[in-house]
Amino acid sequence: MSDTLASNLTAVEERIRVAATAAGRDPSEIRLLPVSKTKPPADVARVHALGYRRFGENKVQEAMEKAEALADLDIEWAVIGHLQTNKAKYVARFATEFQALDSLKVARELDKRLQAEGRRMEVLVQVNSSGEPQKFGLDPEAVADFTAELAAFDALDVRGLMTLAIFSSDHVRVAECFRSMQQVQRGLQDRDGGGWAELSMGMSGDFELAIEHGSTCVRVGQAIFGARLDPNDYWPGAVTAWDPQQRDHVGVDLPERGE
Ligand SMILES: *Cc1c(COP(=O)(O)O)cnc(C)c1O
């Protein structure tokens, strides 16, 4: 059996190592979160067998189905997509981590449901670093006030920030998103005397650039699991990779976007 998942994973790990080293960082500071959305449980099981325990999913229903299908394995689930308040009760049951907190309503509901379940959850606050209206997340200017309210929620273990950069082949604009996140993070750390260690940013097409700008968690789907062909699931679009050596974008080997 040809093991594409294993070789993809090795290639991504190597890219992370190279990017971290180029940035003068220790590669062990950067967590690789495999994003398994749209991919079958068997693929998750394979990557789990290769040493990964936590997986990212952006839809609650799909994540729950996989959690059930893979209940025998010691897997942790990270919900990385926008959450409606009425779905918080499900997430409180099965997820270890939620990376897309951007409303107090959801925070309140999650906290309540977690308390009822006797659980806690790792949480990242999503920031809209690109200013695109279609993106979820808080405006960078709103993060200070928002995060000040989160201390009230005992079951939320708030660890840092998450963002999706603009999808663009213009690396200057992508880097601006990542840099603005570092600024927001520093502002919170100054205010709180530390904390806010997690900076989740970077996906298949831009994770090297994110690592250069302080990312501690890269969420990588397609470069591990292969392209997602359903356009509805196809986020963020065509994929390019940032090559820190060449200072240019290079195409990675993925099929063309389907119709
Ligand atoms: C799908 C998704 C990713 C991974 O994107 P890839 O291009 O597959 O690496 C990362 N973050 C979020 C929030 C996603 O929904």
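Please treat every number below as a calculation from the coordinates, not as lab data. This structure is a prediction, so every number in the text was calculated from the model and none was measured. Heads up, the Cβs are rebuilt from the backbone with ideal geometry, glycines too, and the neighbour counts pull from every protein chain shown.
Given a Förster distance of 25 angstrom, what is the FRET efficiency for D3 paired with E68, based on the Cβ-Cβ distance and rounded to 0.05? Write down the numbers at each step before the final one.
Numbers: r = 26 Å, r/R0 = 1.04.
Efficiency computed from Cβ-Cβ geometry: 0.45.
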Here the chain gives, from Cα atoms, an Rg and Dmax in Å of 17.6, 53
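What value, in deg cm²/dmol to 500, does the helix sum -39500 (n - 2.57) over DSSP H runs of n ≥ 4 give at 222 nm once divided by the residues of the chain?
Working: 9 runs with 97 residues, N = 259.
Theoretical 222 nm ellipticity from helices: -11500 deg cm²/dmol.
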Quick calc: nm separation of the 7 Å Cα→Cβ label points for A22 and A45 -> 3.8
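For the chain, what is the percent of antiparallel DSSP beta bridges, rounded to the nearest 5? Before the final figure, lay out each step's value.
Values: 4 of 30 bridges.
The antiparallel proportion sits near 15 percent.
Between beta-carbons, use under 12 Å as the cut-off and find the net charge around D111, counting Lys and Arg +1, Asp and Glu -1. Spell out each step's value before the answer.
Values: positive: K89, K105, R108, K112, R113, R119, R120; negative: E109, E117, E149, D154, D157.
Local net charge: +2.
Assign unit charges at the C-beta atoms only (+1 for Lys and Arg, -1 for Asp and Glu), then state the dipole size of the chain relative to its Cα centre in Debye, rounded to the nearest 20.
Working: 30 positive and 41 negative charges, 89 e Å.
The calculation lands at about 420 debye.
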Two pseudo-spin positions, 7 Å from Cα along C-beta at E29 and at A148, lie apart in nanometres by 2.9
Counting only residues 5 or more apart in sequence or on a different chain, those whose built amide H sits under 5 Å from that of V220 are L33, V35
Convex hull around the C-alpha positions of region 1-84: the volume in Å³ per residue is 106
